[in-house]
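Contents: one structure, followed by commentary.
Any read-out appearing in this document is the output of simple, stated calculations on the displayed coordinates, not a laboratory observation. None of the values given here were measured: they were computed from a predicted structure. Methodologically, a virtual Cβ is constructed for each residue, glycine included, from the backbone with ideal geometry; neighbour enumeration extends over all protein chains shown.
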């Protein structure tokens, strides 16, 4: 569950496992190509859905080619400038079929994707955040792109509308899962929104599946700047106070105070697992193979 590059990193790892994968994707993006299509056509923002589909493509020539096709962006002096080809393909199928899930499933079949991609809701959503300004005042910032780049400290987020309908297929996937993996990703704008859709949150609370939270390798400039790993868990708990978690997975090198993080994990009912997960090139990116190995070890140890 999540969105953006964080969810894509998780899916790029999970596709190596012999598992049936379903990605449940946040639909609140209002920037770039997705925002333009959303404003012009009134559709769900397709960008995070596109990234998830591309991440589930195989490593063979077919998969690599189609992943590149989906991610290709036009550069022109006209209206196509900045649009991702995959966004146009997704929206075109939605218009033809009138069904979000069927359209995404057809694209997954075309790509040979190693799993399904589903929107968390059938409505395009907006994110509103309470942000503490440098002078101590608190202001509301509206829009995913605006929250992600807002100066100041994000205190909390909410959805507009506050009670959007969850995708029925997403509810079924959560209730029938063996594992639900939340994160990594932009904490306030990609990860937490899934927990704020009432029916989806209820399904996550009631599912017999084990629940794993995967922490980011670093705080995100703007959105979670200055946040420690344990602060990420505290914020998660503030937005879903009754959610119990089985496993918190973190990169060992990103943890400054293991005892504090272990205590914060225990507050959610979770065991802390530390692994080497970073790509190793100096960037705050997960290595798909290292992350896949960590997922496999955890899931084998906790069947």
Residues 57, 302 arranged by fewest to most Cβ contacts within 10 Å: 302, 57
Length gained when the stretch residue 153-residue 234 is fully extended (0.36 nm per residue, less Cα-Cα span): 27.7 nm
The stretch 71-182: C-alpha gyration tensor shape, a/c 1.5 cut-off, then a/b vs b/c: oblate
Alpha-carbon centroids, the stretch 43-101 and the stretch 122-190: separation in whole Å: 23 Å
Order of 188, 74 under a 10 Å beta carbon neighbour criterion, fewest first: 74, 188
Normalised alpha carbon radius of gyration of the stretch 139-237 [divisor 2.2 N^0.38 Å]: 1.12
Rg/Rh (Cα only; Kirkwood hydrodynamic radius) as it applies to the stretch 71-126: 1.02
Sequence-separation-based contact order of the chain, relative, with Cα cut under 8 Å and 6+ spacing, percent: 18 percent
Equivalent ellipsoid semi-axes - Cα gyration tensor, the stretch 1-137, angstrom: 25, 19, 15
For the chain, radius of gyration divided by Kirkwood radius, i.e. Rg to Rh on alpha-carbons: 0.94
